[in-house]
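Only one structure is covered here, and it is reproduced in the block below.
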Amino acid sequence: MRAAWYERQGPPSDVLVVGEMTTPEPAPGEVRIVVAASGVNPGDVKKRQDTFGVGMTYARVIPHSDGAGVIDAVGDRVPSSRIGERIWCFGAQSYRPFGTAAEYVVLPSEQAVPLPHNVSFEQGACLGIPGITAHRAVHAAGAVDGRVVLVQGGAGAVGQCAVGLARHAGALVITTVRSERDVLVSQRAGAHHVIETGGLSADEIVARVRAHAPGGVNHIVEVAFHPNISLDERVLGLGGSVATYATGEPTPAIPFWPLVFKNVSVFFLGSDDFPAEAKMAGARALNEILGGEWPGFEVEARFPLGSIAEAHEAVEQRRLSGRVVLSIQDEQPA
């Protein structure tokens, strides 16, 4: 099979190689997928860059955790009826060396989720990391039906999913964004109230959030813990909670006593290590809203497998506001 890989970490054009590898066979409990599209996430780029200082866990890595395609083979203990199924997958390169930047990928059967017939492979390839992270972030503190949820960064990949999932779960959804274009993205995702923060002071942002939530916000989905936690504390109500999945500063300061006096709970979320049942709950919820309540992502750029270095550069340099995918195979009719 044709695949992309790296055997050392560094800049994409220096370390990513495209060539031929042996086509994998599914082990017991696994399925093999003919990959149609492979999603490029910031986390994939950070692994290749060694942003977190973990190093090379495997001698050779095929990148990308998320993808979509058709199951063409199954291992023992997997029903043969899954062959031919359109699916989206997650976690292909979580604690495994070979992800979806290849013509074929094998992974545990439960990580291959049926793709609704009206949803494209490109959309499916964008779901895994952001969608499952978003679901966990929305529900980490419990049910949100009838509660006020603030999604910080509602135009990002996780943010869009969080907006759609929180609204689906019955929450009043407020979100913050940085530009007029992002306002439209968040509204498209289902936000009830969108606050454009560009040029606003912290006091002004707090006032605008409080105008929509006079009693305080119940739960916050936080994309930027370091710069935002002090503002988050100011808009949270008593007994509120924050679920965060990213920060610019690895050792952020926190307003300890104000959080204590409000009895705030803080959840730190790493998607690779969510409980299995949380991942499956997220997958089910994403399928429920896809193509209906939530129209999905804007896919802004498509690259062939041979141009994977350019795709990684587009993501790490943030040249694009929409999602980036590798087109591995042509879309086939359902």
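Only a single criterion out of (1) outside the structural domain of residue 63 (by TED's automatic domain parsing); (2) surrounded by fewer than 17 Cβ atoms within 10 Å (Cβ to Cβ); (3) over 16 Å from the mean Cα position of the chain (by Cα) is not satisfied by residue 266, namely (2).
If only one of 45, 31, 40, 35 is touching a residue at least 40 places away in the same chain (Cβ under 8 Å), of a type in the set (Val, Ile, Thr) and over 22 Å from residue 309 (Cα atoms), which one is it? So the residue among 45, 31, 40, 35 that is touching a residue at least 40 places away in the same chain (Cβ under 8 Å), of a type in the set (Val, Ile, Thr) and over 22 Å from residue 309 (Cα atoms) is 31. Within the stretch 184-213, the set of residues being within 20 Å of residue 227 (Cβ to Cβ) and of a type in the set (Val, Ile, Thr) comprises 194, 195, 197, 205, 206, 209. You will find that of 83, 87, the residue that is touching a strand residue (DSSP E or B) at 6+ places or on another chain (Cβ under 9 Å), in contact (Cβ under 8 Å) with a residue 40 or more places away in the chain and on the phi < 0 side of the Ramachandran plot is 87 and no other.
Counting only strands (runs of 3 or more DSSP E) that sit wholly inside the stretch 112-225, not one has at least 2 residues that are aromatic (Phe, Trp, Tyr), surrounded by fewer than 22 Cβ atoms within 10 Å (Cβ to Cβ) and touching a residue at least 40 places away in the same chain (Cβ under 8 Å). Residue check: residue 42 meets all listed conditions (1) under 18 Å from residue 327 (Cα atoms); (2) at pLDDT 95 or above but one, namely (2). When residue 188 is tested against the conditions (1) touching an Asp or Glu at 6+ places or on another chain (Cβ under 6 Å); (2) at pLDDT below 95, the lone failure is (1). In this structure, is residue 76 assigned to a loop (DSSP other than H, G, I, E, B), acidic (Asp, Glu) and surrounded by fewer than 19 Cβ atoms within 10 Å (Cβ to Cβ)? For residue 76, the condition - assigned to a loop (DSSP other than H, G, I, E, B), acidic (Asp, Glu) and surrounded by fewer than 19 Cβ atoms within 10 Å (Cβ to Cβ) - is met. In the set (1) part of a helix (DSSP H, G or I); (2) within 19 Å of the chain's Cα centre (by Cα); (3) surrounded by 15 or more Cβ atoms within 10 Å (Cβ to Cβ), residue 296 fails one condition alone, (1).
Taking the conditions exactly as written (within 22 Å of residue 2 (Cβ to Cβ), in contact with a Cys (Cβ under 8 Å, 6 or more places away or on another chain) and free of Cβ contacts under 8 Å to residues at least 60 places away in the same chain), does residue 59 satisfy them or not? When the stated conditions are applied, residue 59 does not pass them.
Checking the conditions here, which among 84, 91 is modelled with pLDDT of 95 or more, more than 27 Å from residue 172 (Cβ to Cβ), in a loop (DSSP other than H, G, I, E, B) and within 14 Å of the chain's Cα centre (by Cα)?
Numbers: 84 fails: within 14 Å of the chain's Cα centre (by Cα).
When all the criteria are applied, what remains is 91.
When restricted to residues that are closer than 22 Å to residue 283 by Cα and in a strand (DSSP E or B), the stretch 35-72 contains 11. Only one of the numbered conditions (1) within 20 Å of residue 149 (Cβ to Cβ); (2) touching a helix residue (DSSP H, G or I) at 6+ places or on another chain (Cβ under 8 Å); (3) not aliphatic (A, V, I, L, M) is violated by residue 228, and that is (2). Against the definition (closer than 26 Å to residue 69 by Cβ and without any contact (Cβ under 8 Å) to a residue 12 or more places away in the chain), how does residue 96 come out, yes or no? Spelling it out, residue 96 is indeed closer than 26 Å to residue 69 by Cβ and without any contact (Cβ under 8 Å) to a residue 12 or more places away in the chain.
Given the condition assigned to a strand (DSSP E or B) and over 23 Å from the mean Cα position of the chain (by Cα), answer yes or no: does some residue in the stretch 228-237 qualify? Yes, the stretch 228-237 has at least one match.
Return the residues of the stretch 116-130 that are modelled with pLDDT of 95 or more and farther than 22 Å from residue 303 by Cα; say none if nothing qualifies. Once the filter is applied, which keeps residues that are modelled with pLDDT of 95 or more and farther than 22 Å from residue 303 by Cα, the stretch 116-130 yields nothing. Scanning the stretch 249-270 turns up at least one residue that is within 18 Å of residue 134 (Cα to Cα), modelled with pLDDT under 95 and of a type outside the set (A, V, I, L, M, F, W, C).
The values are calculated or read from the model by the stated rules, or taken from the named source; none is laboratory data. Computed from a predicted structure; not experimentally measured. Using ideal geometry, Cβ is built from the backbone for each residue, glycine included, and neighbour counts are taken over all protein chains shown.
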